[in-house]
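Engineer: There's a structure below that I have some questions on.
The values are calculated or read from the model by the stated rules, or taken from the named source; none is laboratory data. Because the structure is a prediction, the values reported are computed rather than measured. Here the Cβ positions follow ideal geometry from the backbone for every residue, glycine too, while neighbour counts run over all protein chains shown.
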Amino acid sequence: MMLAVYILIGLVILVFILAVVAPKNYEVYRTVDIARSTEDVFEYLKYVKNQEIWSPWAKKDPDMARKYTGEDGAVGFVSYWNGNKEVGEGEQEITAVVRNERIDGELRFLKPFRSNSNCYFKVYPVAENRTKVSWGFSGKNVFPMNVFMLFMNMDKAVGKDFEEGLAELKKILEN
């Protein structure tokens, strides 16, 4: 009986230590250079509905249910989705638009687990008719998800999707 108590106390201490050392924040982003003016790239990116054309998640479930609220490309626009287990359920809201610089948003995942993240697109002129695009998201890892993140690399898990999406975006905007 005492052995079981010691094991239980040991497990509680282990979980506590893991929670203390586990990452509290995450950020994943990728960049691409696009042979197009910053104005053109920004104008395309600010419309969330355009992501349905090049987003890797749209390809993972082309039949996902979608609903929209507000004016696309403007602060307050919300895009809701409900798809298969690869894309889950959630919504994306535009929270800030700085013309020809950045579009900020909030991602609210509902399934398979609840979480909130900040997402963004940043555009930078590199040269005439050449633009650098950064696409990323960041957030906080709360317990118990922060312990899980000790065993999962968010950058590796999502980074490949960002790279795939940006390659498709480049292809679309350069053709």
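Engineer: Residues that are exposed (fewer than 12 other Cβ atoms within 10 Å of the Cβ) and not acidic (Asp, Glu): find the helices (runs of 4 or more DSSP H) completely inside the stretch 1-98 holding 2 or more of those.
Structural biologist: It comes to 2-21.
Engineer: Against the definition (of a type in the set (Asp, Glu), at pLDDT 95 or above and more than 27 Å from ARG36 (Cβ to Cβ)), how does GLU86 come out, yes or no?
Structural biologist: No: the conditions fail for GLU86.
Engineer: Under the condition of being within 16 Å of the chain's Cα centre (by Cα) and without any contact (Cβ under 8 Å) to a residue 40 or more places away in the chain, which residue from the stretch 52-81 is nearest to TYR124 (Cα to Cα)?
Structural biologist: Among those that are within 16 Å of the chain's Cα centre (by Cα) and without any contact (Cβ under 8 Å) to a residue 40 or more places away in the chain, it is GLU52.
Engineer: Residues being closer than 19 Å to ALA58 by Cβ, over 13 Å from the mean Cα position of the chain (by Cα) and at pLDDT 95 or above: count how many of those fall in the stretch 104-134.
Structural biologist: Total satisfying the criteria: 1.
Engineer: Among the numbered criteria (1) closer than 22 Å to SER138 by Cβ; (2) in a loop (DSSP other than H, G, I, E, B), which one does LEU110 miss?
Structural biologist: (2)
Engineer: Taking the conditions exactly as written (within 30 Å of GLU128 (Cβ to Cβ) and at pLDDT 90 or above), does GLN92 satisfy them or not?
Structural biologist: no
Engineer: I would also like to ask the following. Does VAL158 qualify as being under 10 Å from the mean Cα position of the chain (by Cα), buried (at least 17 other Cβ atoms within 10 Å of the Cβ) and at pLDDT below 90?
Structural biologist: yes
Engineer: Only residues that are closer than 18 Å to GLY83 by Cβ and either exposed (fewer than 14 other Cβ atoms within 10 Å of the Cβ) or acidic (Asp, Glu) (or both): list them for the stretch 99-119, please.
Structural biologist: LYS111, PRO112, PHE113, ARG114
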